[in-house]
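The values are calculated or read from the model by the stated rules, or taken from the named source; none is laboratory data. Since this is a predicted model, take the numbers as computed values, not measurements. For neighbour counting, all protein chains shown are included, and Cβ atoms are generated from backbone atoms with ideal geometry for every residue, glycine included. Just the protein is used for accessible areas: all its heavy atoms, side chains included, with ligands, DNA and RNA removed. Shrake-Rupley method; radii C 1.70, N 1.55, O 1.52, S 1.80 Å.
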Amino acid sequence: MSVTKSTEGAVAVKLDLMSPPESAKKLENKDSTFLDESPSESPGLKKTKGITVIQALIHLVKGNMGTGILGLSLAVKNAGILMGPLSLLVMGLIACHCMHILVRCAQRFCKRHIVSFFLIVTQLGFCCVYIVFLADNLKQVVEAVNSTTNNCHSNETVMLTPTMDSRLYMLSFLPFLVLLVLIRNLRILTIFSMLANISMLVSLVIITQYITQEIPDPSRLPLVASWKTYPLFFGTAIFSFESIGVVLPLENKMKNARHFPAILSLGMSIVTSLYISIGTLGYLRFGDDIKASISLNLPNCWLYQSVKLLYIAGILCTYALQFYVPAEIIIPFAISRVSTRWALPLDLSIRLAMVCLTCLLAVLIPRLDLVISLVGSVSSSALALIIPPLLEVSTFYSEGMSPLTIFKDALISILGFVGFVVGTYQALDELLKSGDSPLFSNSTTFLR
C-alpha cells in the first residue's frame, strides 16, 4: 500500500490487499480522512478534540436504539418463545464479533471503498426511514388528540380527525434536520445522543411496565415457530443492529482508541440484553395478537401517547448521528479538491444537499419503509455479516490463519448471504403485495 500527500494535505491511499505488514504500519497514525479527519476538520478549520469513553458508549448505544427495537416482539413470535431469544443472543454475539473484525482490519488498511459504499447506502437509508417515522407518528398524535383520554384501561377504537398530508409533516421537519446536520463536531452530537438515549429509555420503561402486567401462561406459546416464518425474524433482527455504521468513526474519534474494544463489547452487551428483554416480554404479554410494532398494542391514553412523542424526540436526535457517517465519507473527499477558502462553503452545501435528498426520497416514494427494508436487507446484511469476515481473511491470510478461523469467517459470511437473499425476497414480495395499500401506511403506524 502506498500513501501520498498532495500540497493541500489531502491523502490518497492505494489499496493492496497483499501488502506486507511493514507498509501497513505506516498507516497507524490513521491519516485517512474517513478514519481520522471529520467533515468539520476541513482545511482551515480547527481540529476538534477526541471523545471520551463515556461519550463513545453513549453514541454506540444510541446507534442501535432506533425504530427496529419496536418490532422485535413480532420477530420473536416468528421464531418462537425459546428460539427467538436464543437467536437474538447469537445474532448479537456475531454482530459484535464482526464489529471487532471491522475495527482491526480498518487499522491495517485504511480505505475500503466497498465498505464506504455500503455505509453511505445504509446510513442514508436509515435517515429516510427516520423522516417517515417522524412524520407518521406526529400525524397520528395530532389526529388522535381529540380521542385521547386519561383512561389507560380501555381499548376503544380511535376515531382520527384528518389533518394535513404526511408529506407536509415531513417537510415541516426539514428546517430542524438542517440545523442538526450543520453540527460538524462529534463531541457536540454527544449531547443530542444523550437526549435521544434518555427519551427512548423513558419510552421503553413505559412500554415495559405495561407489558409486564398480567402476563398470561407462557406454555400456550410455541417454543419453536414454523421454519417458514423464521426468515421474517432474521430480517427484523439484522435491521435492529444499526450501529455497524458508526463503529469506525467512533473508534477513530476517541482520545484513547485502545479502550474502544472494551467499550464496543460493553455497549453491544447492553443493546442485546435490551433487545432480548423487550422482544420476549412483548410476545409473552400479547402472544399471537402482537402487532408489527409493540406500540400498536398500547392503549390510547396520554401516558402511552407520550411513547410516540418521546420516540419522535429520540429519532430526531438520532438523525444527526446517522447522518454523520455518510458525511464523514463524502465531504472530506469533496473538499480535498478545492482551495481552502472554498472548503467551508462546500462543506455546508453538501450537508444541505444530502439532508434535502433524504427528505425528498421520503416525500416521493410511497411505502418507503418497504423500500428501505429492501436496502437494509442488502446493505445491512453485507455490512454487518458478509464483509467483515471476508476482510479478516483478505487482510490476515498472508500472515497465517488457523483453519478454524477461516471456517468461522466462511460460516458467518454464508449466514449473512442467506439473510441477504431471504431478506431481499421478503422485501420485494411485500412491495409487490402492497401495490394497492394506502399511501404511507407503514410499520410505524400503531393506533388501534
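Sorted by mean Cβ packing within 10 Å, highest first, what order do the peptides 176-188, 337-349 take?
On the way: 176-188: 17.2, 337-349: 14.5.
Going from most to least packed, we get 176-188, 337-349.
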| said: Testing the spin-label approximation: label points 7 Å from Cα along Cα→Cβ at MET194 and ALA262. State their distance in nm. | reply: 2.2
| query | Using a ≥ b ≥ c from the Cα gyration tensor of the range 276-323 (square roots of the eigenvalues), is it rounded, prolate or oblate, where a/c under 1.5 gives rounded and otherwise the larger of a/b and b/c decides, a/b for prolate? | reply | oblate
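Relative to the Cα centre, what is the charge dipole magnitude of the range 204-265, using +1 at the beta carbon of each Lys and Arg, -1 at the beta carbon of each Asp and Glu, and rounding to the nearest 20 debye?
Numbers: 5 positive and 4 negative charges, 57 e Å.
Dipole about the Cα centre, nearest 20: 280 debye.
Taking a ≥ b ≥ c as the square roots of the eigenvalues of the Cα gyration tensor of the range 169-232, is the shape rounded (a/c under 1.5), prolate (a/b larger than b/c) or oblate?
Cα axes put the range 169-232 in the prolate bin.
For a Förster distance of 30 Å, can you work out the FRET efficiency between the beta-carbons of LEU223 and SER269, rounded to the nearest 0.05?
Working: r = 25 Å, r/R0 = 0.84.
Between LEU223 and SER269 the formula returns 0.75.
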| request: Give, rounded to the nearest 20 debye, the magnitude of the charge dipole that the range 226-298 has about its Cα centre when Lys and Arg contribute +1 at Cβ and Asp and Glu contribute -1 at Cβ. | output: 220
| request: On the full set of protein chains, 1.4 Å probe, figure out the accessible area of ASP136 and give it in Å² to the nearest 10. | output: 10
| request: Just read off the accessible area of GLU214 with the full protein assembly in place, 1.4 Å probe, to the nearest 10 Å². | output: 150
| Heavy-atom SASA rank of LYS253, LYS433, LYS291 (probe 1.4 Å, accessible area, largest first) | LYS433, LYS291, LYS253
| request: Would you work out if the range 151-302 is rounded, prolate or oblate? Take a ≥ b ≥ c from the square roots of the eigenvalues of the alpha-carbon gyration tensor; rounded if a/c is under 1.5, else prolate when a/b is larger than b/c, oblate otherwise. | output: oblate
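Net charge near LEU180, counting Lys/Arg +1 and Asp/Glu -1 over other residues with Cβ under 14 Å of its Cβ?
On the way: positive: LYS62, ARG184, ARG351; negative: none.
Net of charged neighbours comes to +3.
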| Counting pairs of alpha carbon atoms under 8 Å apart in space and at least six apart in sequence, what relative contact order in percent does the range 175-307 give? | 45
| remark: Once PHE333 and VAL53 are pulled to full extension, the length gained, defined as 0.36 nm per residue separation minus their Cα-Cα distance, is 98.0 nm
| request: Return the long-range amide H neighbours of MET254 (sequence gap of 5 or more, or a different chain), with a cut-off of under 5 Å between placed amide H atoms. | output: ILE51
